[in-house]
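Structure first, then comments.
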Amino acid sequence: MARVDVLWGDEDGTPRVAPGTLEDRSHGGMSVRLKDLIGVGSHITIKWGSEQVSATVTNSRREKADYVLGVKRDAGEGPIKSSTHLRFGWPTR
C-alpha cells in the first residue's frame with residue numbers, strides 16, 4: 001500500500017487535494033482509501049512518487065472513518081510503470 005495524493009475539483013469547481021492510500025491496482029483501475037468523499041463520476045488524478053494517473057470514480061463505499069473508491073483509468077492512459085519495474089527492467093503490462 002502506497003501513500004498517494006488524490007486531486008479533483010469539488011462541486012463548485014474548487015481544486016482539492018487529499019492524502020490517501022493506494023490499496024490495489026490493475027491494468028484498468030485501482031482502489032484508493034481516503035477520508036474525503038469524492039462522488040461517483042468525478043474525474044481525479046492520483047499521484048505517488050513519480051507516477052501520475054488520471055481516472056474516473058466508478059464506485060465509493062464507506063468503511064468506518066474512511067471511503068474506499070474504485071476508479072477506472074481514463075482512456076489513453078498508458079500502463080502504470082512502477083519505479084521498481086523500471087529500475088530492474090521487469091516487464092510491465
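Bear in mind these aren't lab numbers, they're just calculated from the coordinates by the rules spelled out. Small disclaimer: the values here were computed from a predicted structure and weren't measured. Cβ: placed from backbone, ideal geometry, glycine included. Neighbour counts: every protein chain shown.
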Counting residues in segment 2-58 as N, plug N into 2.2 N^0.38 Å and put the Cα Rg over that result.
1.04
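Contour minus end-to-end for Thr14 and Ala65, with contour as 0.36 nm per residue of separation and end-to-end as the Cα-Cα distance? Could the numbers behind the result be given before it?
Working: separation 51, 0.36 × 51 = 18.36 nm, distance 2.37 nm.
The Thr14-Ala65 span can extend by a further 16.0 nm.
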Please compute the modelled spin-label separation between Ser54 and Asp74, points set 7 Å along Cα→Cβ, answer in nm with one decimal.
0.2
So, over other residues within a Cβ distance under 10 Å of Met30, counting Lys, Arg +1 and Asp, Glu -1, the net charge is +1
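If we count every other residue with Cβ under 14 angstrom of Gly41's Cβ, Lys/Arg +1 and Asp/Glu -1, where does the sum land?
Working: positive: Lys72; negative: Asp10, Glu11, Asp74.
Net of charged neighbours comes to -2.
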So what's the net charge close to Lys64: Lys and Arg +1, Asp and Glu -1, counting the other residues with Cβ under 12 Å from its Cβ?
+2
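Could you size up the charge dipole of segment 1-60 around its Cα centre, putting +1 on the beta carbon of Lys and Arg and -1 on that of Asp and Glu, and report it in debye to the nearest 20?
Details: 6 positive and 8 negative charges, 40 e Å.
My answer is approximately 200 debye.
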